[in-house]
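Undergrad: Right, I'll just put the structure down here and ask away after.
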2 protein chains.
Amino acid sequence: MKRTALFISDGTGITAETLGQSLLAQFDGVEFRYVTRPYVDTEEKARALVEEINIIAGNEEGRPIVVDTIIDTRIRDILEEANAFRVDIFASYLGPLEEELAIRSSYSVGKSHSIAHSRNYMERIDAVHYALDNDDGGRTRHYDSADIILIGVSRCGKTPTCLYMAMQYGIRAANYPLTEDDMDNMLQLPKSLQEHRGKLFGLTIDVDRLAAIRNERKPNSRYSSYAQCEYEVREVENLFARENIKFINTTHFSVEEISAKILVDKGIERRFK
Amino acid sequence: MKRTALFISDGTGITAETLGQSLLAQFDGVEFRYVTRPYVDTEEKARALVEEINIIAGNEEGRPIVVDTIIDTRIRDILEEANAFRVDIFASYLGPLEEELAIRSSYSVGKSHSIAHSRNYMERIDAVHYALDNDDGGRTRHYDSADIILIGVSRCGKTPTCLYMAMQYGIRAANYPLTEDDMDNMLQLPKSLQEHRGKLFGLTIDVDRLAAIRNERKPNSRYSSYAQCEYEVREVENLFARENIKFINTTHFSVEEISAKILVDKGIERRFK
């Protein structure tokens, strides 16, 4: 079965998209086509969108699913005319929340929010630059201000994880690749890491997967050979065990999952609120 | 008024967090303390959490707000005992969606999903590496495979925007900083950009804001002086106008907003689904 799902917002559409994908992921039997329509912020755009939805409804077996976070009541009213099954987040929850909090929401008065200048936002952007500046062991002198330092072999997922932690949580995450040079001295941690033991967290990865990832980067090289990957992973896992460094195998997890697991494990709270 | 809001999940908690923050941002009069509790995936953890919630409820004026995406019914039942106002996303919407789609959700049978090995996920991670490899004009030879190339003065927001587009949408975004060298030849676009005109999108920024950002990086330098920032911004905005390159002023927008606006404007769809 095929269905179209539209995530509609007068802002970025991230909330509608995130919630919609979570809900629809629970329906294995349906093949969804996802469409995001951000910045539907005029009646004209809303009317064009209703037309688009109605055309889809005419062409497919079932009417489209609409997940929306529209605030403006005029736009809401126009959307109401579309031939769609609507998951209307604000309508579902803001009323009950108003009652619980005994206060009216700005929703009622048609106000929306921008986050660009908040302290939270600047923390996040600073954290992204921190992750970039302290990526791949290039510099170690700023480790004092790190919240966490990820260590592991090359291409085990350190960099995307650091960037995600920065972007999503405002966490200052550095990373240090354990290379063959380090492994020849693997009886102990590299010096630059020794004084930051409390901040270290290890990543590891299945050898097959590592070889596949490295092969895309440098096909048929020693670097991407199974033997080399196997050697590096074994040495690094031994190091984690010997030094009592907690670690996670990234093979079956996304950066979202890896990041959330690390933060729970280290007891780190996001940098804002 | 102060209230604690808990975002609870047996996974990463991102859906609960995103929806919860969107809903609660509509209540200006309340000062929320946000707490995220991911991976609440055992009855034991759920019981400890209920205790935590009840202690908060005892200490604050109003009971906590709980936004959750728990799937396991045993854990759901335990959470039900907490003294909290509950926004129970799956309970609200999965029933109606089951009816609409005429299919049972995997929710009903207690199944959850991991995304780490999907094609979507690999597209995203590849896009992150693409953004890093093609950051800051360091390389221009991979512009053929770019979905978009952001141009603008140093520190106007290009890098975080590229990384966000990669992480969130799987878009391959390169960026090229327009420097003084370019400006001295500003009668035309730098050569490496000319053949990719269709992919270019400009970023600009208010001079005050640019000077403030640069001052944090290199205090009291020529680079961060108001005069220099003013010169660069003017030259670049003139170039955008002359070359008919669409641009956005990033001063009052977050990377989420900038990215969504650019994708709408360029008509780029996310790389997956």
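The values are calculated or read from the model by the stated rules, or taken from the named source; none is laboratory data. These numbers were taken from a predicted model, which means no experiment stands behind them. Here the Cβ positions follow ideal geometry from the backbone for every residue, glycine too, while neighbour counts run over all protein chains shown. Heads up: the accessible areas ignore ligands, DNA and RNA and are worked out on the full protein's heavy atoms, side chains in. Shrake-Rupley method; radii C 1.70, N 1.55, O 1.52, S 1.80 Å.
Undergrad: Once ligands and nucleic acids are excluded and a 1.4 Å probe is used, how much of A:Ser22 is accessible, expressed in Å² to the nearest 10?
TA: Estimated to the nearest 10 Å², A:Ser22 gives 30 Å².
Undergrad: Distances from A:Gly62 to the same position in the other copies: list them in nm, one decimal, shortest first, using label points 7 Å from Cα along Cα→Cβ.
TA: Nearest first, the other copies' label points are 3.6 nm away.
Undergrad: Continuing with this model, one more query. Assuming a ≥ b ≥ c are the square roots of the Cα gyration tensor eigenvalues, decide whether region B:2-101 counts as rounded (a/c under 1.5), prolate (otherwise, with a/b larger than b/c) or oblate.
TA: Oblate is the answer for region B:2-101, as a/c is 1.5 or above yet b/c matches or exceeds a/b.
Undergrad: Now for a different question. About the Cα centre of the protein assembly as shown, how large is the charge dipole given +1 on each Lys and Arg Cβ and -1 on each Asp and Glu Cβ? Please answer in debye to the nearest 20.
TA: Here the protein assembly as shown has a charge dipole of around 980 debye.
Undergrad: Under a 1.4 angstrom probe, counting protein chains only, how are A:Met122, A:Met167 ranked by accessible area, largest first?
TA: A:Met122, A:Met167
Undergrad: Which sequence of A:Glu243, A:Glu99, A:Glu269 reflects their accessible areas, 1.4 Å probe, from the largest down?
TA: Ranked from most to least accessible, the order is A:Glu99, A:Glu269, A:Glu243.
Undergrad: Where nothing but the Cβ of Lys and Arg (+1) and of Asp and Glu (-1) is charged, how large is the charge dipole of chain B around its Cα centre, in debye to the nearest 20?
TA: 620
Undergrad: Where the Cα atoms of region B:137-223 are projected onto their three principal axes, how long is each span, largest first, in whole Å?
TA: Cα spread of region B:137-223 along its principal axes, largest to smallest: 39, 34, 20 Å.
Undergrad: Total accessible area buried between chains A and B, 1.4 Å probe, in Å² to the nearest 100?
TA: About 7500 Å² of accessible surface is lost on pairing.
Undergrad: So what's chain B giving for Cα Rg divided by 2.2 N^0.38 Å, two decimals?
TA: So chain B has a normalised radius of gyration of 1.29.
Undergrad: Where q = 0.12, 0.23 Å⁻¹, what log10 of I(q)/I(0) comes from the Debye formula for region B:201-273, counting one point per Cα?
TA: -0.41, -1.02
Undergrad: In nm, one decimal, shortest first: how far is the label point of A:Arg74 (7 Å from Cα along Cα to beta carbon) from the matching points in the other copies?
TA: 5.5
Undergrad: I'd like the distance separating the alpha-carbon centroids of region A:18-39 and region A:128-159, in whole Å.
TA: Answer, in whole Å: 34.
Undergrad: Right, next: Using alpha-carbon pairs under 8 Å, 6+ residues apart, how would you state the relative contact order of chain A in percent?
TA: 14
Undergrad: Of the residues B:Leu101, B:Leu49, B:Leu178, which exhibits the maximal mean-square fluctuation in a Gaussian network model of chain B defined by a 10 Å Cα contact cut-off?
TA: B:Leu101
Undergrad: With contacts defined as alpha carbon pairs under 8 Å and 6 or more residues apart, what's the relative contact order of region A:1-101 in percent?
TA: It comes to 33 percent, rounded to a whole number.
Undergrad: Choose one answer from A:Leu97, A:Leu163, A:Leu150: the residue with the largest mean-square fluctuation in a GNM of chain A with alpha-carbon springs under 10 Å.
TA: A:Leu97
Undergrad: Taking just the alpha carbons, could you work out the radius of gyration and Dmax for the protein assembly as shown, both in angstroms?
TA: For the protein assembly as shown, the Cα-based Rg and Dmax read 24.3, 69 Å.
Undergrad: Can you give the calculated 222 nm mean residue ellipticity of chain A, where each DSSP H run of n ≥ 4 adds -39,500 (n - 2.57) and the sum is split over every residue, rounded to the nearest 500 deg cm²/dmol?
TA: After summing the helix terms and dividing by residue count, I get -14000 deg cm²/dmol.
Undergrad: Same structure, new question: Past the 23 angstrom mark, what percentage of all C-alpha to C-alpha distances in region A:119-266 do you count?
TA: 32
Undergrad: Leaving ligands and nucleic acids out of the surface, order A:Ser154, A:Ser259 by accessible area at 1.4 Å, largest first.
TA: A:Ser154, A:Ser259
Undergrad: Can you give the accessible area of A:Tyr121, probe radius 1.4 Å, in Å² rounded to 10?
TA: Roughly 20 Å² of A:Tyr121 is accessible to a 1.4 Å probe.
Undergrad: Using protein chains only and a probe of 1.4 angstrom, how many square angstrom of B:Lys199 are accessible, to the nearest 10?
TA: Number for this one is 50 Å².
Undergrad: Separate question: What's the angle, to the nearest 10 degrees (0 to 90), between helix A:207-217's Cα axis and the longest principal axis of chain A?
TA: Taking Cα atoms only, the helix is inclined about 80 degrees.
Undergrad: For region A:124-273, build the charge dipole from Cβ charges (+1 Lys, Arg; -1 Asp, Glu) around the Cα centre, then report which of A:Phe247, A:Tyr130, A:Gln194 sits farthest towards its positive end.
TA: The residue sitting most towards the positive pole is A:Tyr130.
Undergrad: Treating the angle as unsigned and between 0 and 90°, give the value, to the nearest 10°, between the Cα long axis of helix A:89-101 and the longest Cα principal axis of chain A.
TA: 90
Undergrad: Looking at B:Asn215, B:Ile258, B:Val233, which one has the Cα that reaches farthest to the positive end of the dipole of region B:117-273 (charges on Cβ: Lys, Arg +1; Asp, Glu -1)?
TA: Among B:Asn215, B:Ile258, B:Val233, the one farthest towards the positive end of the dipole of region B:117-273 is B:Ile258.
Undergrad: About its Cα centre, what dipole magnitude does region B:2-101 give when the only charges are +1 on Lys and Arg Cβ and -1 on Asp and Glu Cβ, stated in debye to the nearest 20?
TA: Dipole of region B:2-101, to the nearest 20 debye: 360 debye.
Undergrad: Helix A:43-59 sits at what angle to the longest principal axis of chain A, using alpha carbons and giving 0 to 90 degrees rounded to 10?
TA: For helix A:43-59, the angle is close to 80 degrees.
Undergrad: Report the number of Lys pairs in chain B whose alpha-carbons are under 17 Å apart, with separation of 8 or more residues or on distinct chains.
TA: Taking the Cα cut-off of 17 Å, the pair count is 10.
Undergrad: Let me ask something else about it. If one puts a single equal scatterer on every Cα of region A:184-233 and applies the Debye formula without solvent, what log₁₀ I(q)/I(0) results at q = 0.18, 0.23 Å⁻¹?
TA: Scattering profile of region A:184-233, log10 relative to I(0): -0.69, -0.84.
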